[in-house]
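Colleague: Questions regarding the structure given below will be posed in turn.
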Amino acid sequence: MEHDFDTAPVKKLVWQLGVPAMLAQLFNILYSIVDRIYIGHMPEGAEIALASIGICSPAFTAITGFASLVGVGGAALMSISLGEKNRETAQQAMNNALLLFLFCSAIVTAALLVFRKPFLYLLGCSDAMYPTASAYFTIYSLGTVAVICGTGLNRFIMGQGCARQGMLSVVIGALLNIALDPIFIYALHMGVAGAALATVLSQFGVLVYVLAVLSRPDMTIHIGFGGYSAALCKKILSIGSMPFFIVVLDNLLIVLLNAMLRKYGGALGDQYISYAAVVQSVMVVAICPAEGLTSGCATLFSYYYGAGSCRRIVESFRYVLLYTGLYLGVLTLAIVAAPEVFVRLFLSDPEAVAQAAVFTRRYCMGFVFVAIQFAFVDGFTAMGMVREAVPISFVRKGLYIIAVLLLPHILPLEDIFYACPLSDCIGGSFTLVMYLLVLKKRLARTMERRAGNKAETPAAL
C-alpha cells in the first residue's frame, strides 16, 4: 500500500486519495465532453450531431456500469482483505475480477452490435438522427473491452492507495482524446465517426497503461490468473451491484427525460433533446469530480471495515462529506450565477445558448445536496453494506422519476428541468437524517459483530 492507513491522520488520507481521484474523474469526463465540444462547433449539422451523441450516451454510460459492477466490488473486496491482512484473498479478488471483466466485455459488445438499431430507437433516436447516431454507436461499441477492463482495473490501482497512478491513467486517456478528436473530426473529415474513433483509441491507451502498472513488482496485488471461485465472483458482483444499478438507473432517467421531451415537445422535440444533452454535460462536469472524490476514498472505508476501526470510518465520512460539500457548493453557485459560461462550451448559437442556459440553471440548483448522497452511498457500498446503501440512493432516483412524469401535466414543459433539484434536495436531506438516526448505529453494531466473530475465529485472518 502506498499509504500507512493504520496510523496516518484520516484528514490527510482523505485529501491524498480524494483529490487525485477527483482530478482523475474530471479528466475522465473529457472523453465524452470533448467529443460534444468539437461536434457542437462543427460548421454544419452540429445540432443533429450533438443530439445524436446525447442519445447514445446512456448506452455508453451503461458500459461503465459493468466496469463498476466488477471493479467496485472486486476492489472493495481486495481492500477489505488487505485491512484484514489477508493478502491471498486480496489477490484472488483481482484474479476473479479480471475473468469477470473479460466475460462482461464479450457479452456487452455482442449485445450492442446485434441490437444496435432497436437500442437507439429505444433511447429516443429519430429517423433524422439515426445515420449519425448509428455511426457513433457502432464505432464506440467496438471499444467496449477497453472501457470495461481499463476503467474497472484502474479501481484496483486506486484500491491499493496508488491514487496518483490511478489519476495518471485517466489523464493519459483524456489527453489522447483531446489530441485525436480534431484530427479525425476536422482534418480527416470523419465528423461524428471520427469523434468515436478518437475516444476508442484513447481508451485502449488507458488499458495498456493500467495493465503495465498492475504488472509492476512494487504493487502489493498484481494482475494475475488462477484461484477462480464461484463464491468469490458472487461476492464481487453482490458488492458491485449497487453502483451498477445506480449507473443503469441514471441512464434510464436520461431516457425517460428524453422521452418526455419528445412526447410533449412536438416539433421542438429534437431541439429540446439537444438542449438536454448540454444540460446533462454541464451536470457531468460539475458532479463527476465530486463523485471521484468519494469513490477515491472508498479505499479508506473498505480498509477500515476490514481492520475493524469504526472510529476511522466515521471520521472518514466526516471529511469526505466536508470536502465534497464545499466543492459542490461552489459549483452550484457558479452554475446558477452564470450558466451561459458553461453552456458556451457546447453551443455557439446565441439563441440556443440562452435557452440551454435557462434549463441548466434550473437543473443544477440542488447539486450541493448530492454531496450527502455520494458520501454515504459510496461509503456503505465500499464496506459491502449494500442493503444500507440501496434505500438512500433509490429515494432520490424515485423522486426524480415522479417529478419528470408529473411536472409536464401541471407546469410548462420547460419546467421539467426542476425535477433534478427537487429530488436532490429531498433525497440528500433524507440521507443525512437516515445516517444520523439509523445507519450510524447500524454500522457500530456491524463492527461490534465482526470484532466478535474475529475473536472467535482467528484463523479467518
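Colleague: In this structure, does residue 314 turn out to be of a type in the set (Val, Ile, Thr), in contact with a Cys (Cβ under 7 Å, 6 or more places away or on another chain), in a helix (DSSP H, G or I) and modelled with pLDDT of 85 or more? Talk me through it step by step, then tell me what you get.
Modeller: Values: of a type in the set (Val, Ile, Thr): yes; in contact with a Cys (Cβ under 7 Å, 6 or more places away or on another chain): no; in a helix (DSSP H, G or I): yes; modelled with pLDDT of 85 or more: yes.
Criteria not met by residue 314.
Colleague: Then there is this: Pairs, please: C-beta under 7 Å, at least 6 apart or cross-chain, first residue within 16 Å of residue 336 (Cβ to Cβ) and in the range 283-295, second outside any helix (DSSP H, G or I) and modelled with pLDDT of 85 or more?
Modeller: Listed by first residue and then by second, the contacts come to 283/364; 286/364.
Colleague: Among the candidates 389, 354, 371, 375, which residue alone is more than 26 Å from residue 14 (Cα to Cα), in a helix (DSSP H, G or I) and among the small types (Gly, Ala, Ser)? Give the derivation first.
Modeller: Working: 389 fails: more than 26 Å from residue 14 (Cα to Cα); 371 fails: more than 26 Å from residue 14 (Cα to Cα); 375 fails: more than 26 Å from residue 14 (Cα to Cα).
Residue meeting the stated conditions: 354.
Colleague: Another one. With respect to residue 199, determine if the residue is of a type outside the set (A, V, I, L, M, F, W, C), in a helix (DSSP H, G or I) and either closer than 22 Å to residue 15 by Cα or modelled with pLDDT under 90 (or both). Give the derivation first.
Modeller: On the way: of a type outside the set (A, V, I, L, M, F, W, C): yes; in a helix (DSSP H, G or I): yes; either closer than 22 Å to residue 15 by Cα or modelled with pLDDT under 90 (or both): yes.
Considered against the rule, which asks whether it is of a type outside the set (A, V, I, L, M, F, W, C), in a helix (DSSP H, G or I) and either closer than 22 Å to residue 15 by Cα or modelled with pLDDT under 90 (or both), residue 199 comes out as yes.
Colleague: Moving to a separate point now. So which residues in the range 194-218 are surrounded by fewer than 21 Cβ atoms within 10 Å (Cβ to Cβ) and farther than 24 Å from residue 67 by Cβ, if there are any at all?
Modeller: Once the filter is applied, which keeps residues that are surrounded by fewer than 21 Cβ atoms within 10 Å (Cβ to Cβ) and farther than 24 Å from residue 67 by Cβ, the range 194-218 yields 217, 218.
Colleague: Among the residues of the range 365-392, write down those that are surrounded by fewer than 24 Cβ atoms within 10 Å (Cβ to Cβ), of a type in the set (Gly, Ala, Ser) and within 27 Å of residue 336 (Cα to Cα).
Modeller: The answer is 366, and nothing else.
Colleague: Is it true that some residue in the range 19-27 is among the aliphatic types (A, V, I, L, M), at pLDDT below 80, closer than 20 Å to residue 124 by Cα and surrounded by fewer than 22 Cβ atoms within 10 Å (Cβ to Cβ)?
Modeller: No, the conditions are met nowhere in the range 19-27.
Colleague: Does residue 206 meet the test of being modelled with pLDDT under 90, farther than 29 Å from residue 271 by Cα and in a helix (DSSP H, G or I)? Spell out the reasoning first.
Modeller: Working: modelled with pLDDT under 90: no; farther than 29 Å from residue 271 by Cα: yes; in a helix (DSSP H, G or I): yes.
When the stated conditions are applied, residue 206 does not pass them.
The values are calculated or read from the model by the stated rules, or taken from the named source; none is laboratory data. Every value quoted in this text rests on a predicted model; they were computed, and no experiment measured them. Backbone-built Cβ (ideal geometry, glycine too); neighbour counts: all protein chains shown.
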